[in-house]
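Taking it in order: structure first as structure tokens, then the write-up.
The values are calculated or read from the model by the stated rules, or taken from the named source; none is laboratory data. From a predicted model like this one, the values you see are computed outputs, not experimental measurements. Ideal geometry is used to build each Cβ from the backbone, glycine not excepted, and the neighbour counts take in all protein chains shown.
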Amino acid sequence: MTPSLLKLAAGLGKALVVITLLALPLTSSSAQSLGQTIPPASDGSKKAEEPASIVEEEMRAKRAIKEADREHQENLARARDLSSLGVAILTSFKEKSGLDPEAIKKLDKVEKLAKGIRRAAGGSEDKGEMEKPPKDLASAMEMLSDLSHSLKEKVEKTPKHVISAVVIDEANLLLELIRIIHTLPAKV
């Protein structure tokens, strides 16, 4: 290419840039005059402000239902474990005429499970007083087995979306019984 052609091409390039810059505001204003809007550049913040679509809301609802079902199943499993531990502690107590270290560990597990059941039922850390506390370890062990079985049945009968005062009261009663058992001598 000759120097004169290069100058001509450079001149045409500058002219195209100038024409493009002049035409840009015209296309924007003509689009606005026709009632059309040109969307601003997307920076990602608009997505956060938009309301959720119906599909997204349905997905959230389904996840919430699945989570509630999972939590309910966990609570049922806690109640079943609690009941079986209550029977195991009573059986061990009868065989050994006292609470051995393994039975104490199971009793601590019963306490954790009862707190979990109470929390899932909507209960708090309220402490209750027993009307007729057991006087000896043998009657306390019988009461522990009965209460753990009763609590399991109440949890199984309670619908998943219900705050049950009966379950909360029963769990509080069981927790109070466990506190009493810890104060009684471990041997008969």
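Under the condition of being outside any loop (DSSP other than H, G, I, E, B), touching a Lys or Arg at 6+ places or on another chain (Cβ under 9 Å) and surrounded by fewer than 16 Cβ atoms within 10 Å (Cβ to Cβ), the residues counted in the range 113-132 number 0.
What are the residues in the range 159-177 that are assigned to a helix (DSSP H, G or I) and crowded, with 18+ Cβ neighbours inside 10 Å, if any? Explain how you work it out, then say what you get.
First, the residues of the range 159-177 that are assigned to a helix (DSSP H, G or I): 165-177.
Result: VAL167, ILE168, GLU170, ALA171, ASN172, LEU173, LEU174, LEU175, LEU177.
Being more than 14 Å from ALA171 (Cα to Cα) and touching a strand residue (DSSP E or B) at 6+ places or on another chain (Cβ under 8 Å) is the requirement here; does SER139 meet it? Considered against the rule, which asks whether it is more than 14 Å from ALA171 (Cα to Cα) and touching a strand residue (DSSP E or B) at 6+ places or on another chain (Cβ under 8 Å), SER139 comes out as no. Does LEU184 satisfy the condition of being farther than 30 Å from LYS66 by Cα and buried (at least 19 other Cβ atoms within 10 Å of the Cβ)? For LEU184, the condition - farther than 30 Å from LYS66 by Cα and buried (at least 19 other Cβ atoms within 10 Å of the Cβ) - is not met. Filtering the range 77-123 to residues that are among the small types (Gly, Ala, Ser) and within 19 Å of ILE168 (Cβ to Cβ) leaves ALA77, ALA79, SER83, GLY86, ALA114, GLY116, ALA120, ALA121, GLY122, GLY123. In the range 165-188, the residues that are without any contact (Cβ under 8 Å) to a residue 40 or more places away in the chain form Cβ pairs under 7 Å with partners that are surrounded by fewer than 21 Cβ atoms within 10 Å (Cβ to Cβ), at six or more places apart or across chains, as follows: VAL166/LYS154; GLU170/SER150; GLU170/LYS154. The residue of the range 52-98 that is nearest to LYS187 (Cα to Cα), among those that are in contact with a helix residue (DSSP H, G or I) (Cβ under 8 Å, 6 or more places away or on another chain) and not in a helix (DSSP H, G or I), is GLY98. Residues that are more than 15 Å from PRO159 (Cα to Cα) and either of a type in the set (D, E, K, R) or modelled with pLDDT under 90 (or both) were ranked within the range 68-83; the one that is surrounded by the most Cβ atoms within 10 Å (Cβ to Cβ) is ARG78.
If you check GLU156 against the conditions, is it assigned to a loop (DSSP other than H, G, I, E, B), at negative phi and touching a helix residue (DSSP H, G or I) at 6+ places or on another chain (Cβ under 9 Å)? No, not satisfied. Scoring SER92 on the criteria (1) free of Cβ contacts under 8 Å to residues at least 60 places away in the same chain; (2) farther than 20 Å from LEU147 by Cα; (3) surrounded by 11 or more Cβ atoms within 10 Å (Cβ to Cβ) leaves a single failure, condition (2).
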